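Written out below as structure tokens is the structure these notes cover.
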Ligand code: XBP
Ligand code: MG
């Protein structure tokens, strides 16, 4: 094992990776904001799947308008207006998280605590609004959940969102670590592109919106991180994962040594 290849940090994506927030969290929050603004827009489950190709909520609203409501683009205060619709969406997302309807995905909580106990750093690298990260983590892991993370990179902190690698560069700079010392966990093709462009070894856990996407270049593609009582299924095979049924720190270390 090379000294610089020892796993020092795991960088987690949020939406779709920590929890299935897109379909039942962000999507209804966007729809509630549209209603509050008296807009005749409704993002159903399949449409939202298409819109997910655009990362970032404000960017997604703009893209939707370009495709389906171009007349609404003519307003002079367009940027501010989109920002205010999006702010309303964030308020609705908070309410949904407080109701506690969206659990963490299998293995997430266990792995986070295990990494902490082994002194491996943990970080967040997401395009979502920073408040959303707090709402999700606090509703699922308690009021002090944010303190578990060494670095949180979120939202507009870098101008170019995923699939650009910028958020990963930002997080690694804060961690003072090189890509070979880190591992990213993502759920989507856009997320994988961002992580690979930052030279990060990347593990994929898929969800309903992403399972048919292209994950070439990933260390492995799994249903989820797995638990001893709820084992993951493997979608692409990696020799390290033969006879493995859930992801633990040792397995992540082995995956990065490959
Ligand atoms: C997911 C996103 C986000 C969310 C919505 O990013 O693209 O935009 O869909 O959140 P990731 P905001 O998987 O990297 O976390 O409305 O706050 O942008
Ligand atoms: Mg994601």
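Please treat every number below as a calculation from the coordinates, not as lab data. Predicted, not measured: the structure shown is a model, and the values here were computed from it. Cβ sites come from the backbone with ideal geometry, for glycine too, and all protein chains shown count toward neighbours.
Per-residue extension of 0.36 nm, minus the Cα-Cα distance of residue 38 and residue 216, leaves a gain of 59.8 nm for this segment.
Between helix 27-36 and the chain there is an angle of about 20 degrees, using the helix long axis and the longest principal axis of the Cα atoms. Normalising the average separation of contacting C-alpha pairs (under 8 angstrom, six or more residues apart) by the number of residues puts the relative contact order of segment 22-99 at 44 percent.
With the cut-off at 22 Å, report for the chain the share of all Cα pairs above it, as a whole percent. Summing the P(r) tail past 22 Å for the chain gives 54 percent. Once both labels are positioned 7 Å from their Cα atoms along Cα-to-Cβ, the gap between residue 144 and residue 178 label points is 3.5 nm.
Stretched out straight at 0.36 nm per residue, the stretch from residue 243 to residue 119 would grow longer than its current Cα-Cα span by 42.1 nm. Cα-based radius of gyration for segment 22-99, normalised by 2.2 N^0.38 Å, reads 1.03.
In the chain, the calculated helix contribution to ellipticity at 222 nm averages -12000 deg cm²/dmol per residue, counting -39,500 (n - 2.57) for every DSSP H run with n ≥ 4. One decimal place: the segment residue 99-residue 231 gains 44.7 nm when fully extended, by the rule 0.36 nm per residue minus the C-alpha distance.
Each part gets one Cα centre, and for segment 102-135 versus segment 211-239 those centres are 18 Å apart. Angle of helix 108-117 to the longest C-alpha principal axis of the chain, folded into 0 to 90 degrees and rounded to 10: 50°. Relative contact order of the chain: 23 percent, from C-alpha pairs under 8 Å at least 6 residues apart in sequence.
Between residue 208 and residue 45, the simple label model (points 7 Å from Cα in the Cβ direction) yields a spacing of 0.3 nm. If one takes the longest principal axis of the Cα atoms in the chain, at what angle in degrees, from 0 to 90 and to the nearest 10, does the Cα axis of helix 166-175 lie? Approximately 50 degrees, to the nearest ten.
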